[in-house]
Amino acid sequence: MQVLSGKDLLPHLSKIRKDTPGFLLECSRRYGDLVGFAVGGVKVFFINHPDFIRRVLQDNHHNYSKDTIQYNTLATITGRGLLTSDGEEWLRHRRLEQPAFSRSRLAALDQVIAPALEAMLKRWEQQPEDAVLDIDREMMAVTLEIVGQSLFSIDLRTDAPRLTQAVLTALDHVIYRAQNPFAPPDWLPIPQNIAFRKALRQLDQAVYEIMENRRRSGEIRDDLLAMLMNARDEEGKGSALTDQQIRDEIITLLIAGHETVASALTWSWYLLAQHPSIWEQMRAEVAQLPDDRLPCYPDLERLPFTAAVFSEALRLYPPAWLITRKAIGEDELNGYKISPGSLMVISPYVVHRHPQYWEDAEAFLPQRFTNGRERAIPRFAYIPFGGGPRLCIGNNFAMIEGVLILAGVTQHYRLELATANPVLADPLVTLRPHHGLPMRLRRVVS
Ligand code: HEM
C-alpha cells in the first residue's frame, strides 16, 4: 500500500479542491485499490476494491460510523436524520420509515409523478419553439415537488422556489466549509455565516409550518409524515419522536430525495444528447407505450432499455460520488492494520471505472445493464446507492422516478445541448454540472 503524506499531496492541492473525484481516480490508477494518506495526524484510507468496500459497508459495518467531516457538516442542516445518525437511534428511525418505501407504496408513486411531470411539460409547451432551459434547474424543481408530495403530501409548487433557495444556500455553505477546512467558524457574524443562518431559519420555518398545518387540519393521511408524527413510544403513550427529530427526518428526506435524482436525470440528458443513437433506441422503446398518457408504474416492465440508460448514467455520474466512514475499533484490510479513528474513503465515481470490472469504462454503454448482463457485475463494484445496512432507503423510489421521467419527457421532447463549452461536473454534495445544463427543447413528432 502506498502512503502519501501532506508533503506528497501539496503539489496536487488545486486538483484535490477542484476535481476531487478526478484526483482519487488518478490515485487509484497510480497506486492501486488501497491508498493511505497521512494528513494532520489522521489516517485516511482510500479503498477501491469491491471486497474492501464490502468489508466496510457490509461485513464489518458495526465497526464503521458516520462520524466524519462529510456527514457532520451535512448534519449542520439535516441534524441527526437517517442519513447522518448512527447506532440505535438510526436503526429505530430506519425501521419506522422503511414501510413508507414498501413495494405497494412505490407502486402508487406514479400518481404523484405523472401530475408533476405533466405540469413541467405544460410549462415547456408554453415556451417558444427551440427554447433553451437550464435542465438541471428543471429536474431539481420536478424532483422536489415529487418527494414533497409523495412522502409528506405537501404541495411544493408554490413553496418550491423559497424552499429550494434555502436548501441551496445551506448546501452551498456546507460545500464551502468542506472545501475550506480553515474557513472562519460558523458562529462568526460574517456575511457567509449570516446567509447560512437565515437559510436554516427559513428551512425550519417551512418544515415546522408543514407539521403545524397537519396537526391543525386533523387530516388523516397515509404518508411518511403521518408515520413520523403518529409514532408512539414503547409504552404507547407519548410521541416516539420529538418535533426536532421529525424536522431532521423531513429535511433529510427532502434533501437526500430530490437533489440526487435530479442530478442523475440531468446527467442522463447530457449523455443522451451526446449519443443520438442511444436516444433513438430509448425513444423506440418509449414509442411502444400508449402515447395518449404519461407512462405509469405497470409500464416499467416495458422500459428495460430506459432503465439501463438511467443505471449507466448513475455509473458514470453517481450523484453520491463520495461515501465516508470512521473506524471505531481496529480492523484489517488486505493485511494492513486500520487503526481506530481512521477515515475510510469510498468513491462510487472511481470504483465505477475500475478497469477490472468495467470494460471501456469511460464509454456510455447502457447495454451493460440489459439482458441480464448486470447480474455479472460484482455487487460492490456498482454502488450508486451504497450498500450494506445503510443502503439508500430511496433506491427503488429513485429508479421508478428516474425511468418514468426519462420516458415521459422522451414521449414529447428531444433535448439538445445548447452550449459549446465542456460541461464539467462539480463535486458538490452531489455531482452537478458546473454552470447548470442549458438544453434546447425539440418537440418530438410522433
Ligand atoms: C439517484 C438517486 C439517489 C442516489 C444516487 C442516492 C444515493 C445514496 C447513497 C450512496 C446512500 C448511502 C450513503 C452512505 O452509505 O453513506 C444513500 C442513503 C440514503 N438515501 Fe439515497 N440516493 C438517491 C435517492 C434517494 C431518494 C429518492 C431518497 C428518499 C426519498 C433517498 C434517501 C436516502 C436516505 C434517507 C439515506 C440514508 C439511509 C440510511 O442510512 O439508513 N435517497 N443514498
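Read-outs throughout are calculated quantities, based only on the coordinates presented, and are distinct from any laboratory measurement. All values derive from a computational prediction rather than experimental measurement. FYI the Cβ positions are ideal-geometry reconstructions off the backbone, even for glycines, and counts take in every protein chain you see.
Compare the Cα positions of 413, 32, 238 along the charge dipole of the chain (+1 at Cβ of Lys, Arg; -1 at Cβ of Asp, Glu; about the Cα centre) and return the one farthest towards the positive end. The one lying farthest along the dipole's positive direction is 32.
Rounding to the nearest 20 debye, state how big the charge dipole of region 214-276 is about its Cα centre with +1 on each Lys and Arg Cβ and -1 on each Asp and Glu Cβ.
Values: 7 positive and 10 negative charges, 48 e Å.
The calculated dipole for region 214-276 is roughly 220 debye.
When only the Cβ of Lys, Arg, Asp and Glu is charged (+1, +1, -1, -1), the dipole of region 300-446 relative to its Cα centre reaches about 340 debye.
Taken along the Cα-to-beta-carbon direction at a fixed 7 Å, the label points for residue 7 and residue 362 span 3.3 nm. Computed from backbone phi with θ = phi - 60° and the Karplus coefficients 6.51, -1.76 and 1.60, the 3J(HN,Hα) list for region 146-153 is 5, 5, x, 6, 6, 8, 10, 6 Hz; x is used for glycine and proline.
The length gained on full extension between residue 301 and residue 179, counted as 0.36 nm times the residue separation minus their Cα-Cα distance, comes to 39.7 nm. Sequence-ordered 3J(HN,Hα) estimates for region 44-60 from the Karplus curve with 6.51, -1.76 and 1.60 and θ = phi - 60° stand at 10, 10, 9, 10, 9, 10, x, 5, 5, 5, 4, 4, 6, 7, 10, 4, 10 Hz, glycine and proline given as x.
So what is the diffusion coefficient of the chain in µm² per second by Stokes-Einstein at 10 °C and 1.306 mPa s, using a Kirkwood Rh over Cα pairs? Don't jump to the answer; show the numbers that get you there.
Values: Rh = 23.0 Å.
Reported coefficient: 69 µm²/s.
Amide H to amide H distances under 5 Å link residue 39 with 44, where only residues 5 or more positions off or on other chains count and H is placed in the peptide plane. Packing-based ranking of 397-403, 259-265, 125-131, 435-441 yields 259-265, 397-403, 435-441, 125-131, ordered from highest to lowest mean Cβ neighbour count within 10 Å. Ranking 424, 308, 16 by how far each Cα lies toward the positive end of the dipole of the chain (charges on Cβ) leaves 16 at the top.
Based on the Cβ-Cβ distance of residue 51 and residue 132, what FRET efficiency does E = 1/(1 + (r/R0)^6) give at R0 = 35 Å, to the nearest 0.05?
Details: r = 46 Å, r/R0 = 1.32.
Efficiency computed from Cβ-Cβ geometry: 0.15.
Rounded to the nearest 0.05, the FRET efficiency derived from the C-beta distance between residue 123 and residue 239 at R0 = 45 Å is 0.70. In a fully extended conformation the segment linking residue 371 and residue 201 would gain 56.3 nm over its present Cα-Cα distance, using 0.36 nm per residue.
Would you work out which of 376, 324, 154 lies farthest towards the positive end of the dipole of the chain? Charges go on Cβ: Lys and Arg +1, Asp and Glu -1. Comparing the listed Cα positions along the dipole, 324 ranks first. Number of Lys-Lys pairs in region 2-443 with C-alpha atoms under 22 Å apart and a separation of 8 or more places or on different chains: 10. With contributions of -39500 (n - 2.57) from each DSSP H run of at least four residues, the per-residue ellipticity at 222 nm computed over the chain stands at -15500 deg cm²/dmol. If only the Cβ of Lys and Arg carry +1 and only the Cβ of Asp and Glu carry -1, the dipole of the chain around its Cα centre is close to 700 debye.
Provide the packing ranking of 7-13, 58-64, i.e. peptides ordered by the mean count of other C-beta atoms within 10 Å per residue, highest first. It would help to have the intermediate numbers written out before the result.
Values: 7-13: 11.1, 58-64: 16.0.
So the order, starting with the most tightly packed, is 58-64, 7-13.
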